[in-house]
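Below is one structure; the comments refer to it alone.
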Amino acid sequence: MSEQQNNARDSLQDKRHTLAHLLAAAVAKLYPDAKPTIGPAIDNGFYYDFAFSEPITEADLKKIEKQMRKILPAWNEMVSEKVTPDQAREIYKENKYKLELIDEIQQSKNDITLYTAGKDESRDVEGYTDLCKGGHSENPSKDIPTKSFTLSSLAGAYWRGDEKNDQLTRIYGLSFHTKEELDEYKKHLEEAKKRDHRKIGKELDLFTFSDLVGSGLPLWTPKGTLLRELIVDKIQNLQAAYGYERVVIPHITKKDLYEKSGHWEKFGDELFKVKGQSDQEFVLKPMNCPHHAQIYASKPRSYRDLPQRYMEVTMQYRDEQAGELLGLSRVRSISIDDGHVFAQEKDIEHEILNIIDVIKKFYGSLGLFEKGKYWVSISVRDPQKPADYLGDTQMWKRAESMLIDICKEQDMKHKIMPGEAAFYGPKIDFMFKDALDREWQLATIQLDFVQPERFNLEYTDIDGEKKRPVMIHRAIAGSLERFLSVIIEHFAGAFPLWLSPVQMTIIPVTSDFDEYGTEVRRKLQREGFRVEISNESETLGKRIKLAQAAKTPYMLIVGEKESKTGSVAVRSREDGDQGEIILDDFIEQTKSIIMDIK
Ligand SMILES: [Zn+2]
Ligand SMILES: [Zn+2]
C-alpha cells in the first residue's frame, strides 16, 4: 500500500473515530442520564455502546443523527488534556464502565487523556469531553461533510462482549469521505441484502435449518441437493479425464490418526469427540487428508503406480462457536470436494497444470474465470524465518519458483505472499470476484512435504531405492456450503442453464392443453432437461409470475397454436419473449448453449 493510500485510510479512520465522539455528544444532549461506554471506528463507519435508562428504538436514530449535525459546526478542534487517575475517577464517578476503563489504563501505566470538542468559553458552552487515547480529525467541522455519515442501526451488545455482563445498546453509524461514497455504499448494502443467500435459499427452497438438528447443520431439500449434485458431477466429470479415482472413507476415526498427522493439537476445541463402547476415543473427522494417506499406505507402491490420485466429496465436521455460524457461509458440517495426489517430485508440475485446467473449466462454466474477475495468491516462505518450515530446503525452493513460473506461463494475474505458506509446503489459492465486487478464496492447490514423512509413505523408484512421494492437496469448489453461499449471491439465484435445478417450466394456457404440455415435457426430459409443468390451478398470469420468481431460465407457454404446429412459445429469463419456436429447434438451441460451456 502506498503512503498516500495509507494516509487516506488513516484520515477516514480518524473521521470515523471522531464521529463516535459526536454520537456520544448527541446522546448526552438528548438523554442526559445515558452512560457512554466505548465507541470505536470500524470498517464502514463507527459505533458507540451506551447504557440507556429507558430503551430507545430505531425511530430515535433520526433524532440523534439530527442532533449530531447540529453540534458538528461548533467542533473546530479536539483538545486533549492529561489527567491523573483520581481526576478521571472524579469526572466519571457516576459511570462504572468508564471507571473500569480508568482502572485498566492506570494498571497498564499509560497516560489518561480526555478529549474535548465544541467548547466555547466566550459563549459559556462546555462542549463534550470523552476519555480517549487520540486519533481524531484535526478540524471536524471542516473535515467531515455533514451528509457523509448516517446512523444505520441499533443492536444489543454486552459490556466487553461478555454475556455475563450488562447488556448495552449499540448504535451503528456509516461514514465515508463524501456523501457520494456513502450513497454508493448504501446501494451496495441494499443489493447485498437482496442477494443474501439465506433469503434466496428460502425463496428457491434450497436448504433449511432445524432447531432440533442444531445450528450450523444445514438440511438440503430436493432442489438444493440437485444443485449440489450438479456441481459435484461437473467437477467429477472434468477430473475423470485426468485419472482421478473416487474413494470413500468413514466419518469417525480413532484419535490416534490425528495424533500421528499432527492435527490433534491444531484443531483442539474444534473437534467433535465420540465415545465408543470401549474406552477408545473417536472423533468426527475434521479433514480427509490423513485417511487418503492411509489408502496410499495400504500396499507397496512402485514408481510405475505413481501418481495416485484420489478424490471424494464428503462431509467433515468442525465445532465452530455458535456465534460464528452464519447461514451456509459458516457451518459445522462441511461438504468438501477433496482430492489428493501422491506423486514423484518430477511429476508435480504436470499434476498442478491438470488441476489448474479443471479449475479453469469449472469456473469458466460459471463465467468467473475471466481476466479481472480472478487472481492467484502464491503463498511462499517468510525468507526471514527459514526454520519455521519443515521439509527439504532445495525442494521448497524448486516448488516455489515452479508455482510462480506456472502462473506466469498461464498468464494468470498473481501475487506472491511471503510468509503465507503453511509449515508443510507452498500453495496457490484462487481468488474470485463476485457480482458485488467482493473477493472470495475458493479453489486451492497445496503442496505437502510433511504428511508423507509423518505417515512414512514410500514408493520404490526405478533404481530400487525407497523414496517419499509429495502429497498435493487440492479443492476445486472447496466447501460446497460456502461455495454455494457465494454463487447463490453472485447469481442472485438466477443460475446458469446447466446449473439450474429446474431449467424449464411448461405453462399450458388452459387445462385443454395439459396433454400437449405433458407430451412436450416427456420429450424434453428424454433429451436430459430438468422440466416442470405448471397446470391450471392458478391463473395464467399468476403461474407466469411464479416461474419468474423461481428464476427458471425458460418458460414454455403452450396453447392452441403451439399444439397444432408442434412448437412452444418461449420466454427466456435473460432475453424475454422469443416467440413461437418449433420444439425440435428449441431443443437444439438450448443443447448448444449447454455444450458451449462444457
Ligand atoms: Zn477519541
Ligand atoms: Zn488435504
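The values are calculated or read from the model by the stated rules, or taken from the named source; none is laboratory data. Source: prediction; values computed, not measured. We place every Cβ from the backbone using ideal geometry, glycine too, and count neighbours over all the protein chains shown.
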Within the stretch 159-216, the residues that are under 21 Å from ASP14 (Cα atoms), among the basic types (Lys, Arg) and not in a helix (DSSP H, G or I) are ARG170
Checked against (1) more than 16 Å from ligand 2 (Cβ to nearest atom); (2) under 30 Å from LYS466 (Cβ atoms); (3) touching a Lys or Arg at 6+ places or on another chain (Cβ under 6 Å), GLU324 satisfies every condition except (2)
Of all helices (runs of 4 or more DSSP H) fully inside the stretch 492-598, the set with 3 or more residues that are outside the structural domain of LEU230 (by TED's automatic domain parsing) and over 25 Å from GLY201 (Cα atoms) is 514-526, 560-565, 583-596
* Could you check, for the stretch 574-589, whether at least one of its residues is buried (at least 19 other Cβ atoms within 10 Å of the Cβ), farther than 30 Å from ASN237 by Cβ, of a type outside the set (Ser, Thr, Tyr) and in contact with an Asp or Glu (Cβ under 9 Å, 6 or more places away or on another chain)? => no
Residue count, the stretch 193-210, condition surrounded by 13 or more Cβ atoms within 10 Å (Cβ to Cβ) and out of contact with any helix residue (DSSP H, G or I) (no Cβ under 6 Å at 6 or more places or on another chain), comes to 7
Matching residues in the stretch 342-388 (of a type in the set (Val, Ile, Thr) and surrounded by fewer than 19 Cβ atoms within 10 Å (Cβ to Cβ)) number 0
Among the residues of the stretch 517-538, the number that are over 15 Å from MET555 (Cα atoms) and either of a type in the set (Ser, Thr, Tyr) or in contact with a Cys (Cβ under 6 Å, 6 or more places away or on another chain) (or both) is 1
Within the stretch 302-342, of all residues that are small (Gly, Ala, Ser) and modelled with pLDDT of 95 or more, the one nearest to ligand 1 (Cβ to nearest atom) is SER333
Filtering the stretch 432-455 down to residues that are surrounded by fewer than 18 Cβ atoms within 10 Å (Cβ to Cβ) and over 21 Å from MET395 (Cα atoms) yields LYS433, ASP434, ALA435, LEU436, ASP437, ARG438, GLU439, GLN441
Filtering the stretch 97-129 for residues that are surrounded by 13 or more Cβ atoms within 10 Å (Cβ to Cβ) and in contact with a strand residue (DSSP E or B) (Cβ under 8 Å, 6 or more places away or on another chain) leaves a count of 17
- Message: I'd like to know if the stretch 45-53 contains one or more residues that are crowded, with 16+ Cβ neighbours inside 10 Å, modelled with pLDDT of 95 or more and over 32 Å from the mean Cα position of the chain (by Cα).
- Response: yes
Result of the Cβ filter at 6 Å on the stretch 118-143, keeping first residues that are part of a helix (DSSP H, G or I) and partners that are away from ligand 2 (no atom under 16 Å from the Cβ) and of a type in the set (Gly, Ala, Ser), at least 6 apart or interchain, is ASP143/SER137
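Conditions tested, residue by residue: (1) of a type in the set (Gly, Ala, Ser); (2) within 16 Å of ligand 2 (Cβ to nearest atom); (3) surrounded by fewer than 20 Cβ atoms within 10 Å (Cβ to Cβ); (4) at pLDDT below 95.
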| position | (1), (2), (3), (4) |
| --- | --- |
| ALA475 | yes, yes, no, no |
| GLU481 | no, no, no, no |
| SER485 | yes, no, no, no |
| PHE495 | no, no, no, no |
| MET504 | no, no, no, no |
Take GLU458 and tell me if it is within 16 Å of ligand 2 (Cβ to nearest atom), surrounded by fewer than 18 Cβ atoms within 10 Å (Cβ to Cβ) and assigned by TED's automatic domain parsing to the domain that holds LEU326.
no
All-but-one check, ALA297 against (1) at pLDDT 95 or above; (2) surrounded by fewer than 19 Cβ atoms within 10 Å (Cβ to Cβ); (3) away from ligand 2 (no atom under 16 Å from the Cβ), failing number (3)
Reported set for the stretch 193-211 where residues are closer than 12 Å to SER485 by Cα and touching a residue at least 60 places away in the same chain (Cβ under 8 Å) is ARG195, ASP196, HIS197, ARG198, ILE200, GLY201, LEU206, PHE207
Take LEU217 and tell me if it is of a type outside the set (D, E, K, R) and crowded, with 18+ Cβ neighbours inside 10 Å. no
When GLU489 is run through (1) within 30 Å of the chain's Cα centre (by Cα); (2) surrounded by fewer than 21 Cβ atoms within 10 Å (Cβ to Cβ), the failure sits at (2)
So, GLY339, is that one over 26 Å from the mean Cα position of the chain (by Cα) and buried (at least 19 other Cβ atoms within 10 Å of the Cβ) or not? no
Subset of the stretch 144-158, residues among the aliphatic types (A, V, I, L, M) and part of a loop (DSSP other than H, G, I, E, B), comes to ILE144
